[in-house]
Amino acid sequence: SDGRGNTAIVVNGGTITSTEGLGIFHPQIGTVEVNGGEIIGVESGIEMRSGELTVTDGKITATAVSFSEKANGSGSTVIGAAVALSQHSTNNPLSATIMGGTLTGVKAFYEVDLQDEDVSGISATISGGTFNGKVESENVKSFITGGSFSAEPEGVTCPDDMCYALNEDGNTYS
């Protein structure tokens, strides 16, 4: 850690809209908590490179029409994800806990390490929410216990008591 950060960002309502780039970019140590409102990013909704993200409600949207990623030691790395966890070269702890809300993008949730760094400090938990777009993870494997998904999650193993099944509507998985 370089000692920077210790931010505490809380979104309880309103709208955060980016006309270019990301809705929220968080490269430092600290927390981002989304309890309501709407976050809209042209590239991605929220990209976490370090720190802790908690989502209990609200809408997070990436309006990009295609998905791309590139290694970047000092900036954003993912385009097209509502929420992206992308390990930074500092190897600071990185986590996401999603209990609710609606995530929409080419990828609704995406976890990756493009810097080829230590991934032992990365964690994720999805226990609820609506995911419009793919949910994909490179390093964290068993972390989904609930939610509604527009596509079967990729790169994710099923917890002991749950596998992803097509819902009665024929369009979503849970």
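The values are calculated or read from the model by the stated rules, or taken from the named source; none is laboratory data. Keep in mind that this is a model prediction, so the values were computed, not measured. Positions of Cβ are backbone-derived with ideal geometry, glycine not excepted, and every protein chain shown enters the neighbour counts. The accessibility values were calculated without ligands, DNA or RNA, using every heavy atom of the protein model including side chains. Shrake-Rupley method; radii C 1.70, N 1.55, O 1.52, S 1.80 Å.
Taken residue by residue, the stretch 13-24 has no member that is closer than 18 Å to residue 95 by Cβ, open to solvent by 60 Å² or more (accessible area, probe 1.4 Å) and in contact (Cβ under 8 Å) with a residue 12 or more places away in the chain. Annotation note: Cβ proximity below 7 Å between a residue of the stretch 84-101 that is closer than 15 Å to residue 126 by Cβ and a residue that is basic (Lys, Arg) (sequence gap 6+ or interchain) occurs for 101/59.
Taken over the stretch 39-82, residues that are acidic (Asp, Glu), open to solvent by 10 Å² or more (accessible area, probe 1.4 Å) and under 11 Å from the mean Cα position of the chain (by Cα) amount to 1. State yes or no: is residue 30 more than 20 Å from residue 107 (Cβ to Cβ) and not in a strand (DSSP E or B)? So residue 30 fails the test.
Residues that are assigned to a loop (DSSP other than H, G, I, E, B) and closer than 11 Å to residue 48 by Cβ were ranked within the stretch 83-102; the one that is most open to solvent (accessible area, probe 1.4 Å) is 93.
Residue-wise test of (1) in contact with a Gly (Cβ under 9 Å, 6 or more places away or on another chain); (2) modelled with pLDDT under 85; (3) surrounded by fewer than 16 Cβ atoms within 10 Å (Cβ to Cβ); (4) not polar (S, T, N, Q).
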| position | (1), (2), (3), (4) |
| --- | --- |
| 104 | yes, no, no, no |
| 132 | yes, no, no, no |
| 138 | yes, no, no, yes |
| 145 | yes, yes, yes, no |
| 162 | yes, yes, yes, yes |
| 166 | no, yes, yes, yes |
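Screening the candidates 73, 36 for the property of being assigned to a loop (DSSP other than H, G, I, E, B), within 21 Å of residue 91 (Cα to Cα) and not aliphatic (A, V, I, L, M) yields one hit, 73.
You will find that of 74, 50, 68, 44, the residue that is farther than 24 Å from residue 123 by Cβ and either of a type outside the set (Val, Ile, Thr) or in contact (Cβ under 8 Å) with a residue 60 or more places away in the chain (or both) is 68 and no other. Scanning the stretch 55-67 turns up no residue that is modelled with pLDDT under 95 and within 20 Å of residue 115 (Cα to Cα).
Yes or no, residue by residue, for (1) over 23 Å from residue 22 (Cα atoms); (2) of a type in the set (S, T, N, Q); (3) more than 12 Å from the chain's Cα centre (by Cα):
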residue	(1), (2), (3)
104	no, yes, no
113	no, no, yes
119	yes, no, yes
132	no, yes, yes
137	no, yes, no
154	yes, no, yes
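Within the stretch 109-129, which residues are among the hydroxyl-bearing types (Ser, Thr, Tyr) and open to solvent by 50 Å² or more (accessible area, probe 1.4 Å)? Matches in the stretch 109-129: 120, 123, 125, 127. For the stretch 83-102, a residue qualifies if it is of a type in the set (A, V, I, L, M) and within 10 Å of the chain's Cα centre (by Cα), and the qualifying residues are 83, 84, 85, 96, 98.
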